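All remarks here apply to the structure that follows.
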Amino acid sequence: MKITVIGTGYVGLTSGVMFAELNHEVTCVDKDENKIKSLLYGKVPFFEPGLDGLVQKHLAKNLKFTASLSSVVTSKAIMIAVGTPPAEDGSLDLKFVLEAVNQIIPYMERYKVIIMKSTVPVGTSKIIEKCLLNGGVKRKNFDVVANPEFLREGSAILDSFHPDRIVIGSNSQQAIDITRSLYQYIECPVLITSNEAAEMIKYASNAFLAAKISFVNELAGICEQYQVDINEVARGIGYDSRIGPHFLKAGAGYGGSCLPKDLRGLLHLADKAGKKSRLLKAVDEVNANQPSTIVEKLEKLLGPLQDKKIAVWGLAFKPNTDDMRFAPAISVIEILLQKQALVSAFDPVAMENARRLLPPAVTMAVNMYEAARGCDALVIMTEWDLFASANIKKLKELLKKPIVVDGRNIFSPAEMKFIGFKYLGVGR
Ligand code: NAD
């Protein structure tokens, strides 16, 4: 099938590549011409393991990249995967979605399915429908499908080919059939719902995952008071099939482009409907406070931070990505700078994005050991394998003081103590 995917970010590009692998004829469109130029050379402009290889495999065959929307004319399905950043009031900003919808209007002479891949608030399908009708598109020429994405950055390819479920929200059988056939070789449960339920499923999934993390972080704080290891507790509760083992890692809090904004998006929806959600608000508050708890641990071990030099290992919001959106490391570094500490930072892949986001006062080190050299303490903010396999004896020699605050619990407290570190993790 011919499909145009609008937006070649983490979601759009991964989806485009997956559809190409499933033998569809795919055109990926982005308004960022630099992104398109890079993709035409077979180079993915962000870090996502495995994506480069698949782009190169299909490039100039059944996968095209362009900044022009003309392929919409001959496409049966138009997938919108543009960003939906948070607005000031906590809602999701639909400006890129509506921009894309308005841009396809001139090409809507024949029937097409508009598939919303971006995460959007409940009611967005109706807004898109109205927008197309107001733009003069005949009702018989389109259906809008809500088809949320659940992939995780860092394992986007695996998640796309092996999703837990595919959700197709539509009341049009024709649109459902076309969307289903796009995914025809993917084996997983397929849920057909209303547009609104599909939109809500995405919000609800992310809010629930965020709640699991905030729950375990809150519990970690209690465990610390009773000398209980949160990892043992998480393992113990995770075996309960009603709870499950995932998203129970205590740490510096969640970040990224999805959980924080989608949770707040749902909170905003609840507020708008006059339904105050105390639970969702608490989830957000617990998470927002995690970076401060990391700095408090540092002060506990090191004393006042003014003029102290602190190494930060890990800047991306999680390993295997260069995405810095809402990364807890940014908040920790901001607090450290407010307290007039000096910061030396390193991340294996997010340095370029970090340079754009962090104040120039932060020293960007060439590797993890250089970041630690001469520092009064080390804080770990991303659980990269590289850090977990670091030579900790060498680390101890490089640090001015053997102090480590492990915001991702990657080291064993007993081993760190044995080597002579003053070490604090989260909930251990
Ligand atoms: P992104 O910021 O990485 O990419 C969005 C792309 O859309 C950018 O390249 C931008 O240039 C392009 N774009 C914006 N307006 C455009 C237009 N009018 N025409 C053409 N291109 C346009 O975003 P992302 O992380 O891929 O997220 C996309 C959506 O998917 C969001 O709604 C997000 O919440 C959702 N989502 C993201 C993830 C994730 O892990 N990143 C997972 C599930 C769902």
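Within the stretch 63-70, is there a residue that is exposed (fewer than 14 other Cβ atoms within 10 Å of the Cβ), closer than 17 Å to residue 7 by Cβ and among the charged types (D, E, K, R)? Taking every residue of the stretch 63-70 in turn, none turns out to be exposed (fewer than 14 other Cβ atoms within 10 Å of the Cβ), closer than 17 Å to residue 7 by Cβ and among the charged types (D, E, K, R). For the residues 136, 123, the requirement of being over 28 Å from the mean Cα position of the chain (by Cα), loosely packed, with under 15 Cβ neighbours inside 10 Å and small (Gly, Ala, Ser) singles out 136. Look at (1) of a type outside the set (Phe, Trp, Tyr); (2) part of a loop (DSSP other than H, G, I, E, B); (3) away from the ligand (no atom under 15 Å from the Cβ); (4) closer than 30 Å to residue 348 by Cα and you find that residue 23 fails only one, number (4). Of the residues making up the stretch 87-110, just one is in contact with a Lys or Arg (Cβ under 7 Å, 6 or more places away or on another chain) and more than 19 Å from residue 195 (Cα to Cα), namely 90. Restricting 40, 69, 98, 63 to those that are within 13 Å of the ligand (Cβ to nearest atom) and touching a Ser or Thr at 6+ places or on another chain (Cβ under 9 Å) reduces the list to 69.
Against the criterion of being touching a His at 6+ places or on another chain (Cβ under 9 Å) and either outside the structural domain of residue 408 (by TED's automatic domain parsing) or without any contact (Cβ under 8 Å) to a residue 12 or more places away in the chain (or both), residue 212 qualifies. Screening residue 29 on (1) over 18 Å from residue 82 (Cα atoms); (2) near the ligand (Cβ under 9 Å from one of its atoms) shows it passes everything except condition (1).
Scan the stretch 227-260 for residues that are of a type in the set (Lys, Arg) and surrounded by 19 or more Cβ atoms within 10 Å (Cβ to Cβ) and jot them down. Can you show your working first?
Applying the first criterion (of a type in the set (Lys, Arg)) to the stretch 227-260 yields 235, 242, 249.
249, the sole residue that qualifies.
Only residues that are of a type in the set (Ser, Thr, Tyr) and either more than 13 Å from the ligand (Cβ to nearest atom) or not assigned by TED's automatic domain parsing to the domain that holds residue 92 (or both) were counted in the stretch 108-155, giving 2. Restricting to the stretch 82-125, and then to whatever is basic (Lys, Arg) and out of contact with any strand residue (DSSP E or B) (no Cβ under 7 Å at 6 or more places or on another chain), can you tell me which residue is farthest from residue 178 (Cα to Cα)? Per the criteria, the residue is 95. Among the residues of the stretch 241-261, those identified as in contact with a Pro (Cβ under 9 Å, 6 or more places away or on another chain) and either part of a helix (DSSP H, G or I) or within 30 Å of residue 228 (Cα to Cα) (or both) are 251, 252, 253, 254, 255, 260, 261.
The values are calculated or read from the model by the stated rules, or taken from the named source; none is laboratory data. Source: prediction; values computed, not measured. Every residue, glycine among them, receives a Cβ derived from its backbone with ideal geometry; neighbour counts consider all protein chains shown.
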